[in-house]
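First comes the structure, then the notes that go with it.
The values are calculated or read from the model by the stated rules, or taken from the named source; none is laboratory data. Keep in mind that this is a model prediction, so the values were computed, not measured. Cβ sites come from the backbone with ideal geometry, for glycine too, and all protein chains shown count toward neighbours. What goes into the accessible areas is simple: the full protein's heavy atoms, side chains included, and nothing from ligands, DNA or RNA. Shrake-Rupley method; radii C 1.70, N 1.55, O 1.52, S 1.80 Å.
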Amino acid sequence: MNLIVGATGMLGGEICRLLAEQGSAVRVLVRESSNPEKVDRLRSIGAEVVRGNLKDRASLETACRGASAVVSTGSSTVSRQSGDSIESVDRQGQLNLIEAAEKAGVKHFILISFPIVDIEFPLQTAKRAAEDRLRRGRMTYTIRQAELST
């Protein structure tokens, strides 16, 4: 079972589609406030839908149960909801997800990040904290660095 966090986003949705086409089991973590059409689209490709979010540790533990891999594309940068911030979602939320995945016995974690840039800014700090936590953990991991366009 592959858990995809950020599945209603463009990249997360595409990952779900590709996994489903390959016949892989897909579970998606979606917020209560997620666009119903996007959630229905995920269901239509066979994804198991679990409600929760990166700020709710209990929902992450439920979502991770039985998963062998987690792919996280989740971020506060596009669809910010009340209480969402780089600190609460991109840093602490990702750390919560990593902890929940380890607790559930997930074998592999894939984090979508970006290359280091020469200036320090909050999103980079948050991404590096999640990357550092993965490096100190028990799971195998992959950090995929998306290209930055200027």
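Let's see if you can work this out: charge +1 on each Lys and Arg Cβ, -1 on each Asp and Glu Cβ, no other charges. What is the dipole magnitude of the range 88-150 about its Cα centre, in debye to the nearest 20? The partial results should precede the final answer.
On the way: 10 positive and 8 negative charges, 71 e Å.
Its charge dipole is roughly 340 debye.
Please list the non-local residues whose amide H lies under 5 Å from the amide H of Val28, H modeled 1.01 Å from N, same-chain partners needing a gap of 5 or more.
Under 5 Å from the amide H of Val28: Ile4, Glu48, Val49, Val50.
Before I look further, what does the range 1-98 give for accessible area per residue, probe 1.4 Å, in whole square angstrom?
Accessible area per residue, the range 1-98: 48 Å².
For the chain, modelled as a GNM with alpha-carbon contacts under 10 angstrom, which of Ile98, Ile119, Ile15 fluctuates the most?
Answer for the Gaussian network model of the chain: Ile119.
How big is the dipole moment of the chain about its Cα centre under a simple scheme where the beta carbon of each Lys and Arg is +1, that of each Asp and Glu is -1, and everything else is neutral? Debye, nearest 20, please.
400
Test of understanding: what is the full-extension gain from Glu99 to Lys38, defined as 0.36 nm times their sequence separation minus their Cα-Cα distance? Don't skip to the end; give the middle numbers.
Working: separation 61, 0.36 × 61 = 21.96 nm, distance 2.73 nm.
Net length gain for the segment: 19.2 nm.
Work out the charge dipole of the chain with +1 on the Cβ of Lys and Arg and -1 on the Cβ of Asp and Glu about the Cα centre, then indicate which of Ser34, Ile45, Ile116 is farthest towards its positive end.
Ile45
Let me know the shape class of the range 54-120, please: from the alpha-carbon gyration tensor, a ≥ b ≥ c as square roots of the eigenvalues, rounded when a/c is under 1.5, otherwise prolate if a/b is greater than b/c, or oblate.
Oblate is the answer for the range 54-120, as a/c is 1.5 or above yet b/c matches or exceeds a/b.
Cα gyration tensor of the range 110-150, axes a ≥ b ≥ c as square roots of the eigenvalues: rounded (a/c below 1.5), prolate (a/b > b/c) or oblate?
Note, shape of the range 110-150 comes out oblate.
Using a Gaussian network model on the chain with a 10 Å cutoff between Cα atoms, which of Glu131, Glu48, Glu32 fluctuates the most?
Glu32
Have a look at Gln92, Gln124, Gln22 and tell me which one the Gaussian network model of the chain (Cα, springs below 10 Å) gives the largest fluctuation.
Highest fluctuation of the listed residues: Gln22.
Enter the Cα centre distance for the pair the range 9-65 and the range 107-150, rounded to the nearest angstrom.
21
For Phe121, Phe114, give me the order by solvent-accessible area with a 1.4 Å probe, most accessible first, ignoring ligands, DNA and RNA.
Working: Phe121 65, Phe114 15 Å².
Solvent-accessible surface, decreasing: Phe121, Phe114.
Rounded to the nearest percent, how much of the accessible area of the range 48-150 (1.4 Å probe, protein heavy atoms only) is carbon and sulfur?
51
Assuming a viscosity of 0.692 mPa s and a temperature of 37 °C, what translational diffusion coefficient in µm² per second does Stokes-Einstein assign to the chain, Rh being the Kirkwood radius over Cα pairs?
Estimated via Stokes-Einstein, D reaches 215 µm²/s.
Projected onto the charge dipole of the range 18-150 (+1 at Lys/Arg Cβ, -1 at Asp/Glu Cβ, origin at the Cα centre), which of Leu18, Ala100, Gln81 gives the Cα projection farthest towards the positive end?
Ala100
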